[in-house]
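The values are calculated or read from the model by the stated rules, or taken from the named source; none is laboratory data. Quantities reported herein were computed from a predicted structural model and do not represent experimental measurements. Don't worry about glycine lacking a Cβ; one is built from the backbone with ideal geometry, like all the others, and counts go over all protein chains shown. Just the protein is used for accessible areas: all its heavy atoms, side chains included, with ligands, DNA and RNA removed. Shrake-Rupley method; radii C 1.70, N 1.55, O 1.52, S 1.80 Å.
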Amino acid sequence: RSYPWGLQLLLFFLMIFTIGMLGLSIVYAYLAKFTVFNYEQLAAGIDEHSPIGLINTSLVVQAILSVSIFLVPALIFSYLSHPKPGEYLGLRAPGKKIQFLLVILLMLGAMPVLQMIEGLMSQINFGAKLKAEQAANDNMMNAFLNIPTFAAFLKAFLVMAIIPALGEEMFFRGILLRFAKKKTRTMVIPILFVAAFFAYVH
């Protein structure tokens, strides 16, 4: 808690690397003991025509990696950095119950704008490599959304929406935004920096 800013940031990234490698080791152990698939098959990509077992395995792997890279490092670092980890991460209950409704309305209202931005971004040529990676990601999302049962939908929703949202919110807004804010007097530059880094990671 008393370490200087730069050393804390270095320790945070070392923690991400260490726990991320642990998560990758868990993935390899899971694939070896509980499935008939290997990492190379997952890395080759999946689509809606892939075997359901491979799609389910990919979902589990996504969950493990998301938790080990974003969620766990943020939680451990906040615990080590502040006597009140929730306060450090900026977690607090809404002041009024109507804020729950306002958040939902805001999300629904933002959807057309976000889809328009996505359409504009798709017109930009980022090169063949990124285009191929985006196509592979789209195929994977289509495979996850090719859902035969409600239970499978809940599992996909948990892995694709809930776990990443929690982990990335704590990682980017809870930790990185706090680090960026320490070096500036306004919130504009930290918000733009963290938003750009968030976009780059994705």
Exercise for review: Just name the residue that is farthest from the chain's Cα centre (by Cα) out of those in the stretch 160-181 that are open to solvent by 40 Å² or more (accessible area, probe 1.4 Å) and free of Cβ contacts under 8 Å to residues at least 24 places away in the same chain.
Suggested key: 181
Point to revise | Checklist (1) at pLDDT below 85; (2) open to solvent by 70 Å² or more (accessible area, probe 1.4 Å); (3) part of a helix (DSSP H, G or I); (4) under 22 Å from residue 198 (Cα atoms) applied to residue 137, failing item | key: (2)
**Study point:** residue 129 exposed (fewer than 12 other Cβ atoms within 10 Å of the Cβ) and touching a residue at least 12 places away in the same chain (Cβ under 8 Å)
**Key:** no
Point to revise | Identity of the residue in the stretch 86-144, among the polar types (S, T, N, Q) and over 19 Å from the mean Cα position of the chain (by Cα), that ends up farthest from residue 157 (Cα to Cα) | key: 125
Check your understanding: In the stretch 116-126, how many are surrounded by 10 or more Cβ atoms within 10 Å (Cβ to Cβ) and either aliphatic (A, V, I, L, M) or more than 30 Å from residue 44 (Cβ to Cβ) (or both)?
Key -> 3
Practice item. Please give the number of the condition residue 184 fails out of (1) open to solvent by less than 50 Å² (accessible area, probe 1.4 Å); (2) part of a loop (DSSP other than H, G, I, E, B); (3) under 23 Å from residue 71 (Cα atoms); (4) of a type outside the set (D, E, K, R). Key: (3)
**Study point:** Residue identified as in a helix (DSSP H, G or I), under 21 Å from residue 169 (Cα atoms) and either modelled with pLDDT of 85 or more or open to solvent by less than 90 Å² (accessible area, probe 1.4 Å) (or both) among 73, 83, 112
**Key:** 73
Study note, to complete from the structure: Being open to solvent by less than 80 Å² (accessible area, probe 1.4 Å) and under 28 Å from residue 11 (Cα atoms) narrows 152, 196, 143 down to just 196
Review point. Name the residues in the stretch 26-38 that are without any contact (Cβ under 8 Å) to a residue 40 or more places away in the chain, part of a helix (DSSP H, G or I), within 30 Å of residue 135 (Cβ to Cβ) and open to solvent by 70 Å² or more (accessible area, probe 1.4 Å), would you?
Key: 28, 32, 34
Revision key, fill the gap. Of the residues in the stretch 86-98, those that are open to solvent by 90 Å² or more (accessible area, probe 1.4 Å) and assigned to a loop (DSSP other than H, G, I, E, B) come to 92, 96, 97
Review point. Could you give every pair whose Cβ atoms fall below 7 Å, whose first residue belongs to the stretch 99-124 and is without any contact (Cβ under 8 Å) to a residue 12 or more places away in the chain, and whose second residue is open to solvent by less than 80 Å² (accessible area, probe 1.4 Å), counting only separations of at least 6 or pairs across chains?
Key: 100/94
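Answer yes or no as to whether residue 194 is closer than 20 Å to residue 114 by Cα, touching a Leu at 6+ places or on another chain (Cβ under 6 Å) and not acidic (Asp, Glu).
It is true that residue 194 is closer than 20 Å to residue 114 by Cα, touching a Leu at 6+ places or on another chain (Cβ under 6 Å) and not acidic (Asp, Glu).
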